[in-house]
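Asks: Structure provided below as structure tokens; questions to follow.
The values are calculated or read from the model by the stated rules, or taken from the named source; none is laboratory data. Being a predicted model, the structure only gives us computed values, none of them experimental. So basically every Cβ, Gly included, is an ideal-geometry build from the backbone, and we count neighbours across all protein chains shown.
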Amino acid sequence: MTTIRTDLRRGSLITAVLALICSAFLILPANADPVPFEGCDQGMFCLYDGTGGTGTRLDVAEGGNDEQYTGTALAVKNNTRMWACVYSTSRYGGSLQTVMPGNTDKYDTGGTRWVVASYKLVPTRALCFTGYERCENGEVCTFAERNGRGAMTVHVPAVDPATQNLGNSYGAEVAPKSVWNRTAKHLCFYLKPDYTGTWTEGTKTYGAYVVLHGDNITVPAALAGTFRSHELVTSTQECQ
């Protein structure tokens, strides 16, 4: 009889242990959902390649250089003191979104997919809408989009052997829509590659479109993308 009672107690003990093990497995979580915008430290601008701020993260320090983004960012977190500007194409081109300090933004919501291709961090939101700052002092820079955005071409002045014009001639691939003249001379744009051509506005005919030294402009819609040459002059009276 004693042996039977001992075995019963052992059986009860084993049953209790198995029950505890089973209950422990039952309360363990399954694969936990990823935490949105995880790991973005203070002073960092973070880009995530997963929806809703998940996936692989790229960290950009607040004082870091502006970059072209070669991944596929579908969300960002701006944990800096600066405004973050994100663009749908390279070189600050295409569509634009602005992210204020401390905020997040998602670009794959409601069936709409918007991928970040380039970005920059700036002190004020207004600077997100321009890209003129890429043009260095002493350069003539033309841009493929309005307000200094999109692909930038830096023109190095040369003396044309036939016309002796100090400037540049180029093709339709440049197609300037905005300009910054950061030289000490005035800039005369022409409609033809040989520094000639005219256009008419009302009753007036013009032979050059002038950008004064130090000025940046968005080219009028009627002329955007039509310039094929320009020259640098001391006086605007020297324009053809």
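Asks: Hey, can you tell me all the residues within the stretch 63-79 that are at pLDDT 90 or above and surrounded by fewer than 22 Cβ atoms within 10 Å (Cβ to Cβ)? Can you show your working first?
Replies: Here is the first cut: in the stretch 63-79, the ones at pLDDT 90 or above are 74-79.
Answer for the stretch 63-79, where residues must be at pLDDT 90 or above and surrounded by fewer than 22 Cβ atoms within 10 Å (Cβ to Cβ): just N79.
Asks: Okay, next question. Only one residue in G202, G214, G225, G207 is within 18 Å of T163 (Cβ to Cβ) and assigned by TED's automatic domain parsing to the domain that holds E145. Which one?
Replies: Working: G202 fails: within 18 Å of T163 (Cβ to Cβ); G214 fails: within 18 Å of T163 (Cβ to Cβ); G225 fails: within 18 Å of T163 (Cβ to Cβ).
Just a single option satisfies the conditions, and that option is G207.
Asks: If you don't mind, another one. Tally time: how many residues in the stretch 110-147 are farther than 20 Å from G63 by Cα, surrounded by 16 or more Cβ atoms within 10 Å (Cβ to Cβ) and among the small types (G, A, S)?
Replies: Final tally of qualifying residues: 1.
Asks: Of (1) modelled with pLDDT of 90 or more; (2) within 26 Å of T124 (Cβ to Cβ); (3) polar (S, T, N, Q), T54 satisfies all except one. Which?
Replies: (2)
Asks: Could you tell me whether the stretch 148-157 includes any residue that is assigned by TED's automatic domain parsing to the domain that holds K192, over 19 Å from H230 (Cβ atoms) and surrounded by 16 or more Cβ atoms within 10 Å (Cβ to Cβ)? Give the steps one after another, and end with the answer.
Replies: The first filter runs over the stretch 148-157 and keeps only residues assigned by TED's automatic domain parsing to the domain that holds K192, leaving 148-157.
Right, trim to over 19 Å from H230 (Cβ atoms) and you get 149.
From what is left, the residues that are surrounded by 16 or more Cβ atoms within 10 Å (Cβ to Cβ) are 149.
Yes, that holds for at least one residue.
Asks: Let me ask another. Pick from D105, D49: which is over 25 Å from N147 (Cβ atoms), in a strand (DSSP E or B) and of a type outside the set (K, R)?
Replies: Details: D105 fails: over 25 Å from N147 (Cβ atoms).
Of D105, D49, the one residue that is over 25 Å from N147 (Cβ atoms), in a strand (DSSP E or B) and of a type outside the set (K, R) is D49.
Asks: Kindly indicate whether R91 is of a type in the set (D, E, K, R) and in contact (Cβ under 8 Å) with a residue 60 or more places away in the chain.
Replies: Against the criterion (of a type in the set (D, E, K, R) and in contact (Cβ under 8 Å) with a residue 60 or more places away in the chain), R91 qualifies.
Asks: Something else about it: If you go through the stretch 178-202 one residue at a time, how many are at pLDDT 90 or above and either exposed (fewer than 12 other Cβ atoms within 10 Å of the Cβ) or in contact with a Leu (Cβ under 9 Å, 6 or more places away or on another chain) (or both)? Show your work before the answer.
Replies: Of the stretch 178-202, the ones at pLDDT 90 or above are 178-197.
The next check asks that each one be either exposed (fewer than 12 other Cβ atoms within 10 Å of the Cβ) or in contact with a Leu (Cβ under 9 Å, 6 or more places away or on another chain) (or both); those that pass are 179, 181, 183-189, 191, 197.
Number satisfying all stated conditions: 11.
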